[in-house]
Amino acid sequence: MILIISVCSDRLSYFEFVKPVEEILKKARKDSRTRYFLNMNHRDVGQAEKAIICGTALKDFRYLNSIEKFTWIKEVDKPVLGICAGTQILGKLFDCNLAERTKIGRYKVKIVQKNSLTSKEEFYSYFLNSKAMEPNEDFEILGESGNLKCIVKHKRKRLYGCLFHPEVLNPEIITNFLQESVPTM
C-alpha cells in the first residue's frame, strides 16, 4: 500500500494537489490510502510500502509549523517522494534552509545526475512554489531549473524531493518512484 499524505489545510486544495496523485496511482493499479498529515498514526506508516507527500497552495504552511508530525521519515527505511511542500518538509527535517523563492509556471528542468525518477535529460515541468529547499551535504542534486535545485535525493536514505508538481506534466516521475524496489525484511 502506498501512503498518500495531504498537507492541504483547505479542503478545496485536495482536488488540485492530492486527487491527481491518487489518479496516477489508480491508473498504475497501486493500492493507496490518503491521510491528512495531522490525522496520521503509526499504523498508517507501518502498513505503507512507500509514501508520497503531496503539495499544497502557495500560502499554506501549516505543515512547516507541525514538522514533528513527520519525524517518522527519519526513523523508517521506506521510500518517500516529497512533492513541493513535501520537499520543504524533507529539507526542514534534515536542517536545510528554506529560501523565499517564488517560481510559478512551466519551466525547463535539466537532469544533472542520473537517477531512477526519470530517464530524460531535460523536460518541462510545472512549478507552483514560494519556498525552496536549499540542499545541504545530506542531499544529492539530481535536477535543476535555472539556479533552483529542484530534484534532490538524500544520500543515505530513499528520500526524494521534487520542488515542482510532477502530477501536472510529468506523471512518469511518480510511476517511476512507485517501481523503485523495496528491500524485503
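Any chance you could count how many residues in region 81-95 are surrounded by 15 or more Cβ atoms within 10 Å (Cβ to Cβ) and at positive phi?
The qualifying residues number 1.
Determine whether Asp60 is among the charged types (D, E, K, R) and either closer than 16 Å to Val168 by Cα or over 17 Å from the mean Cα position of the chain (by Cα) (or both).
no
Look at region 1-43 and say how many of its residues are over 17 Å from Phe177 (Cβ atoms), free of Cβ contacts under 8 Å to residues at least 40 places away in the same chain, in a loop (DSSP other than H, G, I, E, B) and of a type in the set (A, V, I, L, M, F, W, C).
Residues meeting the conditions: 2.
What tally of residues in region 95-130 results from selecting those that are closer than 16 Å to Leu142 by Cβ and in a loop (DSSP other than H, G, I, E, B)?
Going through region 95-130 one residue at a time, the tally reaches 11.
Pairs under 8 Å by beta carbon, first residue within 22 Å of Pro20 (Cβ to Cβ) in region 120-141, partner assigned to a loop (DSSP other than H, G, I, E, B) and of a type in the set (D, E, K, R), six or more apart or different chains?
These pairs meet every condition: Ser130/Lys59.
Can you go through Lys78, Lys59 and tell me which one is among the charged types (D, E, K, R), touching a residue at least 60 places away in the same chain (Cβ under 8 Å), buried (at least 16 other Cβ atoms within 10 Å of the Cβ) and in a loop (DSSP other than H, G, I, E, B)?
After applying the criteria, what remains is Lys78.
For Gly91, work out the one condition from (1) touching a Gly at 6+ places or on another chain (Cβ under 6 Å); (2) among the small types (Gly, Ala, Ser); (3) in a helix (DSSP H, G or I) it doesn't fulfil.
Every listed condition holds for Gly91 apart from (1).
Please give the number of the condition Leu98 fails out of (1) in contact with a Gly (Cβ under 7 Å, 6 or more places away or on another chain); (2) crowded, with 21+ Cβ neighbours inside 10 Å; (3) not basic (Lys, Arg).
Leu98 satisfies all of (1) in contact with a Gly (Cβ under 7 Å, 6 or more places away or on another chain); (2) crowded, with 21+ Cβ neighbours inside 10 Å; (3) not basic (Lys, Arg) except (2).
The numbers here are math on the coordinates, done by the rules we state, and not lab data. Here the structure is a predicted model, which means the values were calculated and not measured. Neighbour counts are summed over all protein chains in view; Cβ atoms, including those assigned to glycine, are modelled from backbone coordinates with ideal geometry.
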